[in-house]
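Structure, as structure tokens:
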Amino acid sequence: MKSPHLAHFMPNPGEALDWKSMSDAFPWIEAMKGSTQDPVHHAEGDVWVHTRMVTEELVASSEWQLESYENRFISFAAAVLHDVAKPRTRTAIDGRITNPGHSRVGAIDARNILWEMNVPINIREEVCAIIRVHQWPFYAVERLHTDREWEALRVLAATSFNTTNKKLAMMAEADLRGRICSDHDKILDNIELFRYMAQELDCFEHPFKFHNDHTRLKYFQEPDRFRPEAIIFDDTSDDFVMTVISGLAGAGKSHWVKEATSDRGYLAGQPVISLDGIRSELKIKPTDNQGMVSQLSKQRAKEYLGAKRSFVWDATNVGLQQREPLTAMAMRYGARVRMVYIEASLSDLLAGNKGRDQEVPLKDIQRMRHRWEPPTLAECHVRENFLRSEYALPKDPSFEQKDFESTAMSHR
């Protein structure tokens with residue numbers, strides 16, 4: 001049975017939200033109901049009450065209503081899903097309710113929810129980027145002129161590449177207005193100052209302009225050492241590149257690598273470090289201890305890097321924690337880093353997995369989905385996305401109504 005699409009529940013500007021229909025359509029909403037929050041920051045009630053208030057504030061704002069259909073959906077989805085992980089991260093510390101890590105976990109949960117709806121990757125990842133840092137505008141300005149100022153600057157710069165700081169600030173203001181708390185006015189001032197910070201850094205509505213892609217990568221690798229405005233000489237070469245493949249099992253990564261490294265491929269002749277290949281070579285199952293696989297793959301990578309030879313690292317690499325050591329290793333040897341992200345829809349991925357020589361158990365794919373974070377430009381010099389499936393948002397109903405009215409007028 002096909003999952004309903006969140007876009008079908010987004011109201012046109014000026015229209016009311018149908019909360020009952022939305023609640024009936026999505027099982028993840030049920031978990032929000034009754035998930036209590038700290039009354040100091042959320043005197044309004046549980047997570048679902050807060051989510052409704054936030055979304056109501058968002059869609060009532062003129063800023064949201066004047067946006068394009070796609071941008072309205074991005075902000076609407078972020079509002080509905082921004083606290084989706086609170087129920088499963090809820091804990092109590094010294095008698096106070098808290099939800100550690102709910103922003104990062106929520107971004108991953110939202111990615112899975114929107115992926116199953118076939119939301120286009122660029123739109124989906126903007127939603128997830130907003131959720132990932134949705135609370136930062138509340139306190140980023142408080143980092144200025146302290147030894148943690150670099151944290152605020154990094155969030156501003158990174159957000160500008162994954163979405164816009166304008167959308168993030170709009171979400172934060174709705175998040176604040178959709179709650180009852182004692183420090184409301186102070187946080188509202190902080191959000192306005194966040195907008196000012198982004199404008200001063202010239203990354204409010206577009207990506208921050210780094211000196212070059214090497215400066216960008218060096219900055220994000222060591223944001224406590226450099227400032228975004230730094231000028232770092234690019235001593236890397238397109239003749240010496242480590243290409244890191246990323247994607248869920250069954251997405252078609254190995255097929256892509258085979259074509260790209262063939263005689264006619266744009267990575268022709270480059271050696272491939274395939275973790276699946278090493279497992280077969282060592283006769284180790286995916287469910288066995290992977291220590292030997294990890295050791296041999298890194299040994300081969302260092303041999304290629306030491307020889308200044310371009311190569312491909314073929315593995316799932318679905319999480320940031322898996323990719324970070326690879327980027328760091330490549331940079332120590334002076335190699336450029338290319339991330340190639342490969343994705344398929346859920347139905348295509350499951351079909352692709354069944355066609356593998358060694359089918360990955362569904363429970364393992366599910367485990368990958370719980371740490372699924374596609375590469376960003378904070379991790380590499382170059383990022384390329386290859387999509388095996390076609391995604392699209394449902395048509396804007398307001399345009400369909402206009403088309404109907406126009407057609408009706410022409411026949412009068």
Which residues, taken from region 222-251, are surrounded by 14 or more Cβ atoms within 10 Å (Cβ to Cβ), assigned to a loop (DSSP other than H, G, I, E, B) and polar (S, T, N, Q)? Thr236
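Here's the yes/no breakdown for (1) among the aromatic types (Phe, Trp, Tyr); (2) in contact (Cβ under 8 Å) with a residue 12 or more places away in the chain; (3) surrounded by 17 or more Cβ atoms within 10 Å (Cβ to Cβ):
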| position | (1), (2), (3) |
| --- | --- |
| Ala16 | no, no, no |
| Lys33 | no, yes, no |
| Trp48 | yes, yes, yes |
| Glu67 | no, no, yes |
| Arg72 | no, yes, yes |
| Pro87 | no, yes, yes |
| Ile93 | no, no, no |
Hand me the list of helices (runs of 4 or more DSSP H) wholly inside region 252-319 holding 2 or more residues that are farther than 22 Å from Leu387 by Cα, touching a residue at least 12 places away in the same chain (Cβ under 8 Å) and not small (Gly, Ala, Ser). 275-282, 291-306
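If you go through region 329-367, how many residues are basic (Lys, Arg) and in a loop (DSSP other than H, G, I, E, B)?
From region 329-367, those basic (Lys, Arg) are 332, 336, 338, 354, 356, 363, 367; that's our starting set.
Restricting the remaining residues to those that are in a loop (DSSP other than H, G, I, E, B) gives 356.
Looking only at that region, the number is 1.
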Kindly indicate whether any position in region 66-86 is among the polar types (S, T, N, Q) and modelled with pLDDT under 95. no
Please list, ordered by first then second residue, the pairs with beta carbon atoms under 7 Å, 6 or more apart or interchain, first in region 357-384 and farther than 30 Å from Phe226 by Cβ, second among the hydroxyl-bearing types (Ser, Thr, Tyr). Met368/Thr316
Out of curiosity, is Glu281 under 22 Å from Phe220 (Cα atoms) and charged (D, E, K, R)? no
Looking for whichever is out of contact with any helix residue (DSSP H, G or I) (no Cβ under 6 Å at 6 or more places or on another chain), of a type in the set (Gly, Ala, Ser) and within 25 Å of Arg132 (Cβ to Cβ) here; the options are Gly352, Gly291, Gly306, Gly319. Which one fits? Gly319
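Starting from residues that are modelled with pLDDT under 85 and aliphatic (A, V, I, L, M), keep the ones in region 361-412 and report whichever is nearest to His255 (Cα to Cα).
First pass over region 361-412, keeping only residues modelled with pLDDT under 85: 397-412.
Those left that are additionally aliphatic (A, V, I, L, M): 408-409.
Details: Ala408: 50, Met409: 52 Å.
Result: Ala408.
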Which condition does Phe220 not pass, out of (1) in the same structural domain as His41 (by TED's automatic domain parsing); (2) touching a helix residue (DSSP H, G or I) at 6+ places or on another chain (Cβ under 9 Å), if it passes all the others? (1)
Selected residue (only one of Ala129, Ala110 is within 20 Å of Leu349 (Cβ to Cβ) and crowded, with 20+ Cβ neighbours inside 10 Å): Ala110
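So which residues in region 1-48 are assigned to a helix (DSSP H, G or I) and either over 19 Å from Ile113 (Cα atoms) or of a type in the set (D, E, K, R) (or both), if there are any at all? Don't jump to the end; show me each part of the working.
Restricting attention to region 1-48, the residues satisfying the condition of being assigned to a helix (DSSP H, G or I) are 6-9, 19-25, 27-32, 47-48.
Hits for region 1-48 are Lys20, Asp24, Glu30.
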Would you mind telling me which numbered condition in (1) modelled with pLDDT of 95 or more; (2) at positive phi Asp94 fails? (1)
For region 254-282, give me each residue that is out of contact with any helix residue (DSSP H, G or I) (no Cβ under 9 Å at 6 or more places or on another chain) and farther than 25 Å from Leu349 by Cα. Asp263, Arg264, Gly269
Do any helices (runs of 4 or more DSSP H) lying entirely in region 105-184 carry at least 2 residues that are within 17 Å of Leu58 (Cα to Cα), and which ones are they? 121-132, 136-139, 165-177
Unmet criterion (only one of (1) surrounded by 15 or more Cβ atoms within 10 Å (Cβ to Cβ); (2) assigned to a helix (DSSP H, G or I)) for Ile97: (2)
Give just the number: which of (1) out of contact with any Asp or Glu (no Cβ under 8 Å at 6 or more places or on another chain); (2) without any contact (Cβ under 8 Å) to a residue 12 or more places away in the chain does Arg143 not satisfy? (1)
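The values are calculated or read from the model by the stated rules, or taken from the named source; none is laboratory data. A quick note: this is a predicted structure, and the numbers were derived from the prediction, not measured. Backbone-built Cβ (ideal geometry, glycine too); neighbour counts: all protein chains shown.
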